[in-house]
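The structure appears right after this line, and notes come after that.
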Amino acid sequence: MRVGAAVVAMEVAALALAALVFGWVALVVGVPALLATVLVLVGLRLARGPVRRLQERRAAAFATEGPEQGGLMSGFFEVPAR
């Protein structure tokens, strides 16, 4: 979200600078580009919601109580009792 806001802010700054240098003609290209950027960012934000919910549901379905016991390196770091 912060990266999208930074992109829009930089685009607004570039559009303002172009409007100062080239005049209102720069707005003909700049404003539609700004609107397209905002629409893409809103679309991505809306599309991310179902993916996030699916990931949470899958994580809850396959969650285990703790780390698996045993395995290839089990006991490797344990100090043997003397």
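Per-structure values
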| read-out | value |
| --- | --- |
| Within-15-Å neighbourhood charge of L46 [Cβ basis; K, R +1; D, E -1] | +4 |
| Viscosity 1.002 mPa s, 20 °C: Kirkwood-radius Stokes-Einstein D of region 1-40 over Cα pairs, µm²/s | 209 µm²/s |
| V12-L34 pseudo-label distance in nm [points 7 Å out on the Cα-to-Cβ vector] | 0.8 nm |
| Rough spin-label spacing in nm, given labels placed 7 Å along Cα→Cβ, for V25 and L46 | 3.6 nm |
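Coordinate-derived values only; no laboratory data. None of the values given here were measured: they were computed from a predicted structure. Every residue, glycine among them, receives a Cβ derived from its backbone with ideal geometry; neighbour counts consider all protein chains shown.
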